[in-house]
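Here's the structure we're looking at; comments come further down.
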Ligand SMILES: Cc1cc2nc3c(=O)[nH]c(=O)nc-3n(C[C@H](O)[C@H](O)[C@H](O)COP(=O)(O)OP(=O)(O)OC[C@H]3O[C@@H](n4cnc5c(N)ncnc54)[C@H](O)[C@@H]3O)c2cc1C
């Protein structure tokens, strides 16, 4: 780390140490770059899998697919790993790839401001200031818990917490508990606590579709095989990936074909829920897949137990220790647990990023998040995000998308090196618009937009800014290389003056764009842009 005007300077500042941030750090080292830091607000690595410690927390993508391709783990204990195993895996990645010296914990990024004159980011953190040529923001799509504003909640005399901030000091045994929400976290929490609590009141705004979860311990024999013959781990991963890749068409192009999957989900419910009134409450009225399909073989059996009440309505008010639902149902409880998700379409870090024109990314994105290839935004040079807009998946492992974005990051840095000198790349507004137009066109026929539900994939304007409307292979191809034609090349003013710098910039840009376009067409890549421009 070099000192520049008393403030340390790095080539790259990575923000966040979940799968995205740690993956970026490994990739930077592999690219031969060691002048970088990983800034993490918490006191340890792991992101999602450090923060979510609620009872029953586990992944709903099989372990061999929900891990880095470059760090296979032959020793996953179960087909679907629990939180503690995934967290241990990420700690292991940090050790094995020697990332610890780069990681600065307890360093919350408060503000990042682009300095147009110096062509770098000035970063303020809770542990001091620094500057960086490039920022890779991996602050996570689901890292900022969302608790709805409920009238009277402040006056509730009992315990209140969010699923992602579980209070392990509070003993739920024998308590009357209100669980608010029926999303991915809630359906794991309900069966995990139902036996212990005196009463569980579940507030359900919209019922989810729930498929059985085929979870089992991975046998010693399988693990020995994976250890002795590493290609078998890859084979297993490839199979898991291929199955999900084949499913994508149904989600993106033929949602009507999903009726068959609904039958399987209905049967999963009917096996456990014998009461027709309860079954009616729990049956969704939208196409399966419109909201994330949840996996559980324990959720419905838990709901059928006598100490559980399902209220078909959201929590709308709290009066003392009484919780009130939209349908008027009231219950007295000792604790309220919110499984109400995260700030997703209003990416919280965007408020803290100030671009070239002095506006924050949040202001720029007021009408909805928009990035080029899910990574960069116009007016925010040398800044990119991992799991940015429209990079989420409805049915597969986010690690696949993260790794594609790391390819893009690596090429971005290579292009800066090739251009040479003090240089920055700023996404052209036209390229950002073309990309997003194409993404939204493809989105029109997907189950997420046509399935008849409201989900956290949609922003305040009803635009789906969260999900990638294609296969992971398409995204990989679209992010393999940076197309310099989509960027403006910025250089710091030289002694010859600004005009000279601009001329130089234009020349460099034209040459680089021409080279890049030729390279891209030879490789036959970046198909999405090619189509958007055709
Ligand atoms: C309960 C739960 C279950 C999930 N299950 C699945 C699943 O089954 N399959 C799947 O594909 N995905 C799943 N996900 C999505 C999951 O978030 C992603 O798969 C992945 O872990 C995201 O990694 P990330 O590094 O991008 O973000 P995160 O893991 O959220 O890491 C972001 C990091 O950035 C840090 N940070 C944030 N803001 C700042 C700041 N201002 N300054 C410094 N540091 C900051 C955070 O502290 C955190 O450590 C799940 C998410 C949750 C919450």
**Request:** Test each condition in (1) over 27 Å from residue 258 (Cβ atoms); (2) in contact with a strand residue (DSSP E or B) (Cβ under 9 Å, 6 or more places away or on another chain) for residue 393 and report the one that comes out false.
**Result:** (1)
**Prompt:** Checking residue 91 against (1) free of Cβ contacts under 8 Å to residues at least 60 places away in the same chain; (2) within 14 Å of the ligand (Cβ to nearest atom); (3) in a loop (DSSP other than H, G, I, E, B), which single condition isn't satisfied?
**Reply:** (3)
**Prompt:** Can you tell me how many residues in the stretch 59-71 are surrounded by 20 or more Cβ atoms within 10 Å (Cβ to Cβ) and either in a helix (DSSP H, G or I) or near the ligand (Cβ under 8 Å from one of its atoms) (or both)?
**Reply:** 3
**Asked** Any chance the stretch 448-455 includes a residue that's without any contact (Cβ under 8 Å) to a residue 24 or more places away in the chain, farther than 24 Å from residue 488 by Cβ, part of a loop (DSSP other than H, G, I, E, B) and out of contact with any helix residue (DSSP H, G or I) (no Cβ under 8 Å at 6 or more places or on another chain)?
**Response** no
**Prompt:** With (1) part of a loop (DSSP other than H, G, I, E, B); (2) touching a helix residue (DSSP H, G or I) at 6+ places or on another chain (Cβ under 7 Å); (3) within 11 Å of the ligand (Cβ to nearest atom) as the list, and residue 74 as the residue in question, which single condition is left unmet?
**Reply:** (3)
**Asked** Among the residues of the stretch 212-228, is there at least one that is in contact (Cβ under 8 Å) with a residue 12 or more places away in the chain, more than 27 Å from residue 317 (Cβ to Cβ) and buried (at least 22 other Cβ atoms within 10 Å of the Cβ)?
**Response** yes
**Any chance residue 264 is in a helix (DSSP H, G or I), away from the ligand (no atom under 16 Å from the Cβ) and surrounded by 15 or more Cβ atoms within 10 Å (Cβ to Cβ)** = no
**Asked** Of all the strands (runs of 3 or more DSSP E) wholly in the stretch 318-362, which have at least 2 residues that are surrounded by fewer than 22 Cβ atoms within 10 Å (Cβ to Cβ) and modelled with pLDDT of 95 or more?
**Response** 322-325, 330-332
**Prompt:** Within the stretch 400-409, is there a residue that is within 16 Å of the ligand (Cβ to nearest atom), surrounded by fewer than 23 Cβ atoms within 10 Å (Cβ to Cβ) and in a loop (DSSP other than H, G, I, E, B)?
**Reply:** no
**Asked** Considering only residues of the stretch 182-200 that are surrounded by fewer than 18 Cβ atoms within 10 Å (Cβ to Cβ) and within 14 Å of residue 301 (Cβ to Cβ), which is farthest from the ligand (Cβ to nearest atom)?
**Response** 195
**Request:** Report, by residue number, each residue of the stretch 40-56 that is near the ligand (Cβ under 6 Å from one of its atoms) and crowded, with 20+ Cβ neighbours inside 10 Å.
**Result:** 40, 47, 48, 52
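Please state which one of 430, 341 is at positive phi and out of contact with any strand residue (DSSP E or B) (no Cβ under 7 Å at 6 or more places or on another chain).
The conditions single out 341.
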**Item:** Only one of 374, 379, 367 that is within 16 Å of the ligand (Cβ to nearest atom), in a loop (DSSP other than H, G, I, E, B) and out of contact with any strand residue (DSSP E or B) (no Cβ under 6 Å at 6 or more places or on another chain)
**Value:** 374
**Message:** I'm checking my understanding of the structure. Among residues of the stretch 14-39 that are within 11 Å of the ligand (Cβ to nearest atom) and assigned to a loop (DSSP other than H, G, I, E, B), which one is farthest from residue 123 (Cα to Cα)?
**Reply:** 18
**Message:** Which of the numbered conditions does residue 41 fail, given that it passes all the others? Conditions: (1) in contact with a helix residue (DSSP H, G or I) (Cβ under 6 Å, 6 or more places away or on another chain); (2) in contact (Cβ under 8 Å) with a residue 60 or more places away in the chain; (3) over 16 Å from residue 27 (Cα atoms).
**Reply:** (1)
**Message:** Can you tell me which of (1) farther than 30 Å from residue 53 by Cβ; (2) assigned to a loop (DSSP other than H, G, I, E, B); (3) touching a strand residue (DSSP E or B) at 6+ places or on another chain (Cβ under 9 Å) is the one residue 274 doesn't meet?
**Reply:** (3)
**Message:** Here is a list: 454, 450. Which entry is surrounded by fewer than 18 Cβ atoms within 10 Å (Cβ to Cβ) and at pLDDT below 90?
**Reply:** 454
**Message:** Go through the stretch 287-310 and report how many residues are part of a loop (DSSP other than H, G, I, E, B) and out of contact with any helix residue (DSSP H, G or I) (no Cβ under 9 Å at 6 or more places or on another chain).
**Reply:** 3
**Prompt:** Restricted to the stretch 382-398, and to residues that are surrounded by fewer than 24 Cβ atoms within 10 Å (Cβ to Cβ) and not in a loop (DSSP other than H, G, I, E, B), which residue is nearest to the ligand (Cβ to nearest atom)?
**Reply:** 398
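The values are calculated or read from the model by the stated rules, or taken from the named source; none is laboratory data. As the structure is a prediction and not an experimental result, all values here were calculated from the model. All Cβ positions, even for glycine, are placed from backbone atoms using ideal geometry, and neighbour counts span all protein chains on display.
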